[in-house]
Amino acid sequence: MSRSTALGRIAAVVAIVGAVVVLVLVLNGGDDAYEVTAEFENASQLVPGNEVIVGGVPVGSVKTIELGDDGQALVDFTVEDEYAPLRRGTTATVRSYSLSGIANRQIQLTIPPDSTAGEEIPAGGSLAQSETVSEVDLDEVFNTLDKDTVADFKRVIKGFETSYDGVGKQANEGFRYANPFLSTSRGLFAELTYDERALENLIVDTSNLSGALAARAPDISGLVGNLNTMMSAIGNQKLALAEAISKLPDFMRNANTTFVNLRAALDDTDPLVEASYPAVEELGPFIDTLRPAIADAVPTIRDLDAIVKRGGKDNDLVELTRDQVGLAKRAVGSGAPDCGSGDLSDPANGAGDDDFSQGAFGESVCALTNGNGTLAMFRPYTPELVGWFDDFSHPGTFDALGAVGRIGTSFNQFSASAAGLPDLGLPVDPNDLIGPAGTLQNDLDFKCPGSEERPLPPSIGEGGNVFTDSGNLDCDPGDVLREP
């Protein structure tokens, strides 16, 4: 063997040994890798080599699985330097790749945000069982069900098979669109279970609300019925509602203009408000004084209420007002009164008044109108009327000797005659007693006012006491008492 050949063999051996050392260093480089131990309730079919993922990205792998002192599974796994070291608040969850397969498990790390993350977990540290979640297999769920429930569940699955028979393609297309809903629902339920205490309170409060609503079931039923009636009425007026909605923009524009102008109006009211301050200050004492008055007025208002409206018939102001309608008709009648000419001797006088349809006011007007002539005739005889009331004579007069009383008797209801007088055995002829020249006067039945008085002497005045109103009175000025 030549020297060069021996040197070549030595070089080859050294190269092989160097390659082995490099390979060992590469393979054993994990000694410097970040590694932690997670305590799981069970290993959930994990095996060494399963992936460790963060947000769906592989960041490490499972190294070893051992049994702990308390029966828990101790899983050692590595994490790449980019995500190391982990911090407190990190959760390790065992997930499945799919529903079928062998050893299709992985560990999913949920890393907390920096604002809530705790202290760093050093290499070789551990995640407590409270920070891990084991996989729950379907068979564990089914094992909690009894035989009847499992049988019913099998029938449900067979029913799904029947319902999807021949429409699998369409169902898959529908499931593709249902994926966003399912993922969103997953996020919703994750948020609901994030704060279990708040969720529990929500469920309890919802139960109490449901109980309260159930206790008022008739009222709620009535409310729903009335709401249905209201919405039906609104639906029946859809044309009017549409028209109102179409006019709403113009209304809002006008309202906007009004509100803008209202600002200036409010500025204009500032002087009024300032001027009202003194009145408002005085208003307080006035209201204090008014309050007792209002309190004292309560009985009055109560009595007034009884006057205005009271139970029973014909005993309150409302019924009086109602009856005044008929009273007004009776008082006013047919309208303007027709009182005729006022001449009582005229047969046609007051012809429109024969049926008394002119009402009480009209009849009173006609009575006063038609009575003017009679009242005018009686007016000049006022002294005689007063004398008749005053003991059938005039009270008399006074002279130098004192009071003088005069009595004059007139028989106007008959005419005395000599033939009608009895034979009194007097030495005087009766014809000398009756007549204008006799002691007894007759036919004095058309006397004028003042004819009962003795004529005034010529020294006082001419014409005597007789009043004829310049000849307008229908009387005889000659029917007077004879001079004594």
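The values are calculated or read from the model by the stated rules, or taken from the named source; none is laboratory data. All values reported here derive from a predicted model rather than from experimental measurement. All Cβ positions, even for glycine, are placed from backbone atoms using ideal geometry, and neighbour counts span all protein chains on display.
Laid out as a table, the results:
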quantity: Residue within the range 133-140 that is in the same structural domain as GLU51 (by TED's automatic domain parsing) and in contact with a Phe, Trp or Tyr (Cβ under 6 Å, 6 or more places away or on another chain) present; calculated: yes
quantity: Subset tally (residues that are loosely packed, with under 10 Cβ neighbours inside 10 Å and either of a type in the set (D, E, K, R) or farther than 30 Å from VAL52 by Cβ (or both)) for the range 127-139; calculated: 1
quantity: Of all residues in the range 34-50 being part of a strand (DSSP E or B) and more than 9 Å from PHE77 (Cβ to Cβ), the one that is nearest to the chain's Cα centre (by Cα); calculated: PHE40
quantity: Hey, GLU35 modelled with pLDDT of 90 or more and farther than 19 Å from GLN108 by Cβ or not; calculated: no
quantity: All positions within the range 115-150 that are small (Gly, Ala, Ser) and more than 60 Å from the chain's Cα centre (by Cα); calculated: ALA123, GLY124, GLY125, SER126, ALA128, SER134
quantity: Enumeration of residues in the range 183-197 that are surrounded by 10 or more Cβ atoms within 10 Å (Cβ to Cβ) and in contact with a helix residue (DSSP H, G or I) (Cβ under 9 Å, 6 or more places away or on another chain); calculated: LEU192
quantity: Index of the failed condition, ILE121 passing every other in (1) surrounded by fewer than 11 Cβ atoms within 10 Å (Cβ to Cβ); (2) touching a residue at least 60 places away in the same chain (Cβ under 8 Å); calculated: (1)
quantity: Pair list, Cβ < 9 Å and 6+ apart or interchain, from the range 194-216 residues that are within 30 Å of PRO112 (Cα to Cα) to residues that are modelled with pLDDT under 85 and surrounded by fewer than 10 Cβ atoms within 10 Å (Cβ to Cβ); calculated: LEU199/THR193
quantity: Check on SER163, in the same structural domain as VAL52 (by TED's automatic domain parsing) and among the polar types (S, T, N, Q); calculated: no
quantity: Filter result (assigned to a helix (DSSP H, G or I) and either closer than 30 Å to THR93 by Cα or among the hydroxyl-bearing types (Ser, Thr, Tyr) (or both)) within the range 137-153; calculated: LEU138, ASP139, GLU140, VAL141, PHE142, ASN143, THR149, VAL150, PHE153
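For every residue, the table says whether it meets (1) assigned to a helix (DSSP H, G or I); (2) farther than 25 Å from THR110 by Cβ; (3) assigned by TED's automatic domain parsing to the domain that holds THR110; (4) over 25 Å from the mean Cα position of the chain (by Cα).
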{"site": "THR193", "(1), (2), (3), (4)": "yes, no, no, yes"}
{"site": "ALA214", "(1), (2), (3), (4)": "yes, yes, no, yes"}
{"site": "ILE220", "(1), (2), (3), (4)": "yes, yes, no, no"}
{"site": "MET231", "(1), (2), (3), (4)": "yes, yes, no, no"}
{"site": "GLY235", "(1), (2), (3), (4)": "yes, yes, no, no"}
{"site": "ALA240", "(1), (2), (3), (4)": "yes, yes, no, no"}
